[in-house]
1. Quick one: what does P(r) look like for the chain with 5 Å bins over all Cα pairs, in whole %?
2. In the Gaussian network model of the chain, springs joining C-alpha atoms below 10 Å, which of Asp142, Asp33, Asp133 carries the largest mean-square fluctuation?
3. Taking the C-alpha atoms of the stretch 1-83, how large are the radius of gyration and the largest Cα-Cα span, Dmax, in Å?
4. Can you tell me the length gained on complete extension of the stretch Asp142 to Asn76, counting 0.36 nm per residue apart and subtracting the Cα distance?
5. So for the chain: antiparallel DSSP bridges make up what percent, rounded to the nearest 5?
6. On a 1.4 Å probe surface of the protein chains, which of Tyr182, Tyr162 comes out largest in accessible area, and what is the full order?
7. In deg cm²/dmol and to the nearest 500, what is the mean residue ellipticity at 222 nm of the chain if only DSSP H runs of at least 4 residues count, each as -39500 (n - 2.57), divided by the residue total?
8. Over 32 Å between Cα atoms: which of Lys124/Lys150; Lys57/Lys124; Lys79/Lys124; Lys57/Lys79 fall into that group?
Amino acid sequence: MRRAVIVAGGRKTPDLVRRQIADEGAEILIAADSGMEVFYEIGIAPHVIVGDFDSVKPEIAAHFRQDTTICFHELNPVKDDTDTEAAIRLAISMGAEEIALFGALGTRMDHVLGNLELLCIGLKAGVPITILDDANRIRMIDRSVRLLKKEQYGDYVSFVPYTKDGMEITLQGFKYPLDYYYLTGGTSLCISNEITEDEAEVIFERGVLLMIEAKD
C-alpha cells in the first residue's frame, strides 16, 4: 500500500505526524503551504511542497528552498481550489493508495467544512483519505464496515449522512443500535454512539456517511 501523508495549515499536531510516519510509514510526504512548519518542527523534509505560500513563515519557506531534493509546486493565489485540495490531487497523481491528512481541522470553520468535502475526492478515486488530529479520526464511507473496539480512535463514534435523499442504516454492536433505520439530514440521532461489543458493524446498501471517531 503506497501511503501519503499530507500536512495542511490548520491545527498543528507535530507529535502525531511524527508517530504516523514512524509507525505506519509513508512513501509520499506533502506539505500544503504552512503545513511545512510541522515538517520543520519534526525535522523531516517533505518530498513535495505545494501552495501559494501566503501563510507560511518566510524563514521556514527559505529553509526548505535550500533543499534541492524537495519539489515545489507554487500556485497562483487567485485560484479555485485550496492548497489542501491541490495537495490531495497531487498525491493521487503520484500513485498514493491511502492518504492521512493532518492540519485539516482548526478554528477556520470554512476550511474545516471544505476539507470534509475533499474526502469525496478520495472516495471517487478509490483512495481512502483519513483526517486526523489528536482528538478525531474522520473518514467518508460508501459501504458497510466493521469496527474493532480495540482499534477504535477514542470512545465515541458518530455518523453524519452525506446523501441528499437519506439512507437506510443498521448499527450492530453499539450502545444505541439501529435496525434498518432511514437516516436523513437535519438530525443529531447518530452523534456520540459507543461500541459495546468486541466488533461493531455499520451496514447500509447505498449512500455515503461521514464517520467520526472522537476522543473527547
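1. 1, 7, 15, 18, 18, 15, 11, 7, 5, 2, 1, 0
2. Answer for the Gaussian network model of the chain: Asp142.
3. Computed over the Cα atoms of the stretch 1-83, radius of gyration and Dmax are 12.3, 38 Å.
4. 20.4 nm
5. In the chain, approximately 55 percent of DSSP beta bridges are antiparallel ones.
6. Ranked from most to least accessible, the order is Tyr182, Tyr162.
7. Only helices count here, giving -7500 deg cm²/dmol.
8. In this structure, Lys57/Lys124 lie more than 32 Å apart at Cα.
The values are calculated or read from the model by the stated rules, or taken from the named source; none is laboratory data. Because the structure is predicted, anything quoted here is derived from the model rather than measured. Cβ atoms come from the backbone with ideal geometry, glycine included; neighbour counts cover every protein chain shown. Ligands, DNA and RNA are excluded from the accessible area calculation, which covers all protein heavy atoms including side chains. Shrake-Rupley method; radii C 1.70, N 1.55, O 1.52, S 1.80 Å.
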